[in-house]
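What follows is one structure encoded as structure tokens, with my remarks underneath.
The values are calculated or read from the model by the stated rules, or taken from the named source; none is laboratory data. A quick note: this is a predicted structure, and the numbers were derived from the prediction, not measured. Heads up, the Cβs are rebuilt from the backbone with ideal geometry, glycines too, and the neighbour counts pull from every protein chain shown. SASA here: full protein model, heavy atoms, side chains in, ligands and nucleic acids out. Shrake-Rupley method; radii C 1.70, N 1.55, O 1.52, S 1.80 Å.
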Amino acid sequence: MIEDRIEVNIAGGLDVALPRMVNVRQKFEGAHLGDIAATVAREFQRPEVRTQVKPGQAIAVGCGSRGIANIATIARCVIRELQALGARPFIFPAMGSHGAATAEGQRKVLEGYGITEANMGVPVKATMDTVIVGNLDDGTPVHMDRFAAEADGIVVINRVKPHTAFRGATESGVTKMLSIGIGKITGAATYHQHGMDTFPTLLPKVRDVNLARRNVLLGVGIVENAHDQTALIEVMPASQIATREPVLQEIAKRQMPQLYFDEIDVLIIDEMGKNISGAGFDPNITGRNRRAVKWNFGPKVKKIVVLGLTNETNGNATGIGGADIITMRLFKEIDIPSTYANIITSMNLDGGAIPIVMNTEREAIQLAVKTVVRVKPENCRIVRIRNTLDIAQIQVSEPLLAEVRSRPEHFQIASPAAAFAFDAEGRLAPLPSAHEPSTLAAAAR
């Protein structure tokens, strides 16, 4: 059993000299929408969109568990447009096993994003019950959230982006919500039994059964830029989802941020969570995926240190197994039932493996640096990020500065070098945002 503090015999101890760190801004394209409400209203003015909605219809509007920029505003605007067309919308959680796979847990996930009955002005109906609406050709039952299945029409809202474990014409977005999300834990577990490597073809088949057997009206696809800002919103009639979502997917891939390094010795991630990525921290950014997934995206990273969980993840640490070292603080924050419900549903159990636990952030970083083979601590190539959604403002160690200076098209140095700033409890000073001056203290080691 892990107590509040771990005492372990480490040869030579952890008194290693960490290299100094520098604040660096990565340069990404920043085009984004200025008026969300006007954009949504304009989309609903399209004849092929507005004719899908009939006065008096009870319409189930599905929202998921991902942290999406402006999601409460977007959902509220969609609700308003549906009401303007005479419909009677309500919200339902379109998520498989998230929120500890309970109706109340999923309701709380939405509340964390500001999607509440008070804010939306409509009911939020949460259940884990499903209705089997049809079958795939091999007999696999297709499940749908009971409230959605009983509604007169269905609209789903989701961000379109590259998935964390497979590649296909559609990955994470509307199609996934119309299969995994709308199927709740029973549907999600059923489809994951086929193996995630089949998802590029399996999920569109599930989606199409749902489209054929129930009155799915619209899919609202959202694309974000590299700064985690809303760059595009498109409302797709059900008949256009199969052709339009792959287009949005390609746009999302072009907009996706990245760490502009080929090799990193130690990657420090301040926070992870389900609101950041389905994998806790995005393999598209870190370059590291689960053991069973072949992955050729992102930098080669030797050691990953994760310091904490986001508040919004509510203890769900799915994906923690992708780290090498975590802190005692993070370990104590893990909600095991919530994490296990999500992990077991995915069938990828290594995502729930517990990494090495160190008492403090200082010790976690020191251990990572100490265990990079054939690299002296003072020469360690370290990158620190807030999370994998927010990588415009990063910190890099001095051994990376030559590379940073040689690529002014990608980087801008934002501060002089300074030592890691740990407090008396071994916690790091917060990473500055892209709009703040450096807060790195010149604390001597």
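General remarks:
- Cα gyration tensor shape for the range 260-300, rounded if a/c is under 1.5, else prolate or oblate: oblate
- Restricting the GluC sites (Glu not before Pro) of the range 335-430 to loop positions (DSSP other than H, G, I, E, B) with no more than 10 neighbouring Cβ atoms within 10 Å leaves 409, 425.
- For the residue pairs 205/300; 108/205; 294/370; 27/253, the C-alpha atoms sit more than 23 angstrom apart in 205/300; 108/205; 294/370.
- Within-11-Å neighbourhood charge of residue 302 [Cβ basis; K, R +1; D, E -1]: +2
- For the chain, a Gaussian network of Cα nodes joined below 10 Å ranks 278, 195, 352 by mean-square fluctuation, and the top entry is 195.
- Secondary structure note: in the chain, about 45% of the DSSP beta bridges are antiparallel.
- Residue 127-residue 335 FRET efficiency (beta carbon distance; Förster radius 25 Å; 0.05 resolution): 0.70
- Projected label distance in nm at residue 29 and residue 402, using a 7 Å step from Cα toward the beta-carbon: 3.3
- Qualifying trypsin sites (Lys or Arg not before Pro) for the range 357-427 [loop in DSSP, other Cβ within 10 Å: at most 13]: 374
- Evaluated over the range 131-207, the Cα radius of gyration and Dmax, each in Å: 12.0, 34
- 327, 201, ranked by accessible area, largest first (probe 1.4 Å): 201, 327
- Along the axis of the charge dipole computed for the range 131-174 (Cβ charges of +1 for Lys and Arg, -1 for Asp and Glu, origin at the Cα centre), the listed residues 174, 142, 163 are led at the positive end by 163.
- Accessible area (Å², 1.4 Å probe, nearest 10) - residue 48: 70
- The gain in end-to-end length when the residue 4 to residue 373 segment is fully stretched comes to 129.9 nm, 0.36 nm per residue minus the alpha carbon separation.
- Take residue 410: with every protein chain present and a 1.4 Å probe, its accessible area is about 40 Å².
- For the chain, modelled as a GNM whose springs connect Cα atoms under 10 angstrom apart, the maximal fluctuation among 212, 72, 11 occurs at 11.
- Here the range 232-246 and the range 162-216 have alpha carbon centers that stand 15 Å from each other.
- Of all accessible heavy-atom area on the range 93-223, the percent that carbon and sulfur account for (1.4 Å): 47
- Note on the chain: helix-only mean residue ellipticity at 222 nm, from DSSP H runs of 4+ residues weighted -39500 (n - 2.57) and normalised by residue number, equals -7500 deg cm²/dmol.
- Heavy-atom surface analysis with a 1.4 Å probe gives the range 344-424 a carbon and sulfur content of 55 percent of its accessible area.
- Remark: accessible surface ordering of 197, 350 (largest first) is 197, 350, probe radius 1.4 Å.
- Counting every C-alpha pair in the range 1-90, the share spaced more than 14 angstrom apart comes to 78%.
- This model, with +1 at the C-beta of Lys and Arg and -1 at the C-beta of Asp and Glu, gives the chain a dipole about its Cα centre of some 600 debye.
- Ellipsoid equivalent to the chain - semi-axes via the Cα gyration tensor, in Å: 41, 23, 19
- Computed accessible area, residue 132, all protein chains, 1.4 angstrom probe, square angstrom: 100
- Per residue, the chain exposes 40 Å² of accessible surface when a 1.4 Å probe is rolled over the protein heavy atoms with every protein chain present.
- Where both bridge residues fall in the range 2-158, DSSP classifies roughly 30% of the beta bridges as antiparallel.
- For the range 166-263: rounded, prolate or oblate by the Cα gyration tensor [a/c cutoff 1.5]: oblate
- Chain lengthening between residue 300 and residue 17 when straightened (0.36 nm per residue, less Cα-Cα): 99.5 nm
- Accessible-area rank, largest first, for 88, 254, 290, 20: 254, 88, 20, 290, with all protein chains present and a 1.4 angstrom probe.
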